[in-house]
1. At a 1.4 Å probe radius, which order do B:W119, A:W354, B:W142 fall into by accessible area, largest first?
2. Report the local net charge at B:Y64: Lys and Arg +1, Asp and Glu -1, summed over other residues whose C-beta lies under 12 Å from its C-beta.
3. Which links in A:K21/A:K138; A:K52/A:K185; A:K52/A:K119 stretch past 30 Å when you go from one Cα to the other?
4. What do you reckon, how do B:T266, A:T55, A:T101 stack up by accessible area (1.4 Å probe), largest on top?
5. Give the interface area between chains A and B as buried accessible surface, both sides summed, probe 1.4 Å, in Å² to the nearest 100.
6. Along its principal axes, what span do the Cα atoms of the range A:14-231 show, with the longest given first and each in whole Å?
7. Which Cα, out of A:I72, A:F23, A:L34, lies furthest along the positive dipole direction of the range A:1-76 (beta carbon charges, K/R +1, D/E -1)?
8. Can you tell me the dipole magnitude for chain A around its Cα centre, using point charges on the Cβ only (Lys, Arg +1; Asp, Glu -1), in Debye to the nearest 20?
Amino acid sequence: MAAPSKPAESGADLELVGITKQFPGYRAIEELDLSIPAGSFFALLGPSGCGKTTTLRLIAGLEEPTSGRILIGGSDVTGQKPHERPVNTVFQSYALFPHMTILENVSFGLKRRGVSDYKVKAIEALKLVELDHLAGRKPSQLSGGQQQRVALARAVVNRPALLLLDEPLGALDLKLRRQMQLELKTIQTEVGLTFLHVTHDQEEAMTMADTVAVMNRGRIEQLGAPQELYELPRTAFVANFLGQSNLFTGEVLEATDALIALEVGGRRVVVPAARAARRSGQVTIGVRPEKLLLHLEEPSLDGVNTLGPGRVVDVSFSGVSTQYLVAVPGVGQIIVFSQNLVHGAVINRGATVWLTWSIEHGFGLEDIAETRPHFDDEASAPGLPGVVAEAV
Amino acid sequence: MAFTAFASDTALAPQQEPTKRGRVALLLLLPGLAYLAVFFLAPLISLILTSLQRPAEFGDFGQYEYAFNVDNYADVFGAYGGHIVRSIAYSSAATVAALLLGYPLAYFIAVTLRRWPVWQGLALTLVIAPFFISFLLRTLAWKQILSDEGPVLGFLQLVQVLPDGARLTGTDFSVIFGLTYNFLPFMVLPIYASLASLDLRLLEASRDLYANAWSSFWRVTVPLSLPGIISGSLLVLIPAAGDYVNASLDFLGGTGTAMVGNVIETLFIETGNYPEASALSVILMALILVPVAFYVLFTRTEDLI
Ligand SMILES: Nc1ncnc2c1ncn2[C@@H]1O[C@H](COP(=O)(O)OP(=O)(O)OP(=O)(O)O)[C@@H](O)[C@H]1O
Ligand SMILES: [Mg+2]
């Protein structure tokens, strides 16, 4: 057997070069280039059906790319069989062997590689996911979350140079999920393995990963450190997939080396040139809801952008913060998250407000948000909290 | 499909409370139980009683009376031991051959053709197509094909695989061939049924866990289709062991290929030696019960899937 004969001493880097995957009648992956350094924790985020699982299957060798190459640890594995690749997968569907006990499931990979103390290692891995007491059971006798943890143990126990995790914690409750996240992170850093982690949970991606990639329609829209991705999204899709954003589209009025100014709702709004991707014509800029401040009187401040006056159409209190929905004529509905501090005005529904944000908090996008300015008047129905049609 | 019921294991049956539903089930079972009592249990008892008869002391030749004549068993063992061994050997060989031919066929239909349901249906129809023609006619047709003047023997002699004087009919080979051919669908259908529900993602998982195609097959595919393999093997083994058509002189057999079934037929119909015929039938039945008992034990202890 040509299987990698040993548990990895360290992670391997992964490189995808121009990968395309064409299914009959559907192109799932489009010219994907991706490079993941050895030992890093890489999170892949994206909406359902965007090609995350397909990407993992290509890397694991369960699917053949239509074109492009896959390199693991510098060597080309494109033509290699799945069992020859130093890769293990935690499957989205678990795929536990129903005719084997939990222990047999977990030791399967170790046995195939001829590891002699497979039983000890398997039990250890089961302890890690707190299931060693169920080692003798069959998968059908476990709950969904327990099965998921077995799937995790079955892959992790092999200490592969590259571990692919397809939503490995999706079925767990919050407490267990946080705990498993810690365990995973510990394993990853201790052995220095490379993790490619697919998740729907943004928070999970942000807290665990060194690098986050946002995928959409078979392409990677943006990739970077979690904070960078959050603070400086490059496309409207990323701006709204990762957290929420208020997006405004307007004509560029002026572009200098330092600033880009555009017209939004009859006001001049400025973004630092370094944080803007486009410099002319129609440009979409954005700002995160928590960066906005509400004022009951028209402010006259330097270094900030101001929009307004607008009307507060919805207020929803959520403990530490309050979410306001403000309808600004000519701009649309804007979400504002405001910390519930000791001081500060209580703003009620129907109040007339102005919005400001520091110039350096704005970002300019590469693409144009597909929205029309929304003209709200007082008669229109209040928007639902958290739903911002025109910001998408 | 009807044969799914045979292949799928007991574990899948829903757990029922033995209350009202149990009574309804019992009621529904009654006609079947009555049928079994009249047409299986009664003849069986009659058969066993007959097998213990002895020749009537003052009667004519061929008249028997009820007794406890266990010697019948010893006699038939002595006289027909060779036939018993041959029956076991032929039916086992046919079962193995049917498994070797049937498994790949079932796999092809259940797994390879899975994405093309129309072809799958067509292939399944072809598997059972021989049943549209009488069992006897088909076996006779094979007798023609394999006969001394037939095309198969002629060709094999032409390419020097067989020497000039060789025959095909009347040999061990042709009888085993006939048994295999006639009972092959009983092997294919149960295996098909268990492979049709095989989750291919499990094979992906096994390949991901360093198992090559060969070891994935043995460690995942085969264990998961074991219920079908066992059902199919029993469905071939049991009728093959008692078969008296293929091995008979009128069909594919020769003078040296008679099986227990042929002996029983002769004893019952030609010789009229009912006690010996019955004793042999009882022995054959007991022999067949051995693998069935194994099957029952296996499905009991091994909670499959
Ligand atoms: N074998 C296939 N044949 C045709 N289309 C396929 C096949 N496998 C996947 N697809 C399509 O490719 C796209 C990407 O699928 P994929 O499973 O990678 O999505 P995903 O990002 O993992 O989604 P989710 O978050 O829901 O798991 C989907 O639109 C899917 O319908
Ligand atoms: Mg998926």
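1. Accessible-area ranking of B:W119, A:W354, B:W142, largest first: B:W119, B:W142, A:W354.
2. Residues close to B:Y64 contribute a combined charge of -3.
3. Those over the limit are A:K21/A:K138; A:K52/A:K119.
4. Listed by decreasing accessible area, they come as B:T266, A:T101, A:T55.
5. Numbers: alone 17960 and 18220 Å², together 34090 Å².
When A and B are taken together, about 2100 Å² of accessible area is lost.
6. Computed over the range A:14-231, the largest-to-smallest principal extents equal 45, 39, 33 Å.
7. Final value for the positive-end residue is A:F23.
8. Around 1640 debye, computed over chain A.
The values are calculated or read from the model by the stated rules, or taken from the named source; none is laboratory data. No experiment lies behind these values; they were computed from the predicted model shown. Note that each Cβ is placed from the backbone with ideal geometry, even for glycine, and that neighbours are counted across all protein chains shown. In case anyone asks, the SASA skips ligands and DNA or RNA and just uses the protein heavy atoms, side chains included. Shrake-Rupley method; radii C 1.70, N 1.55, O 1.52, S 1.80 Å.
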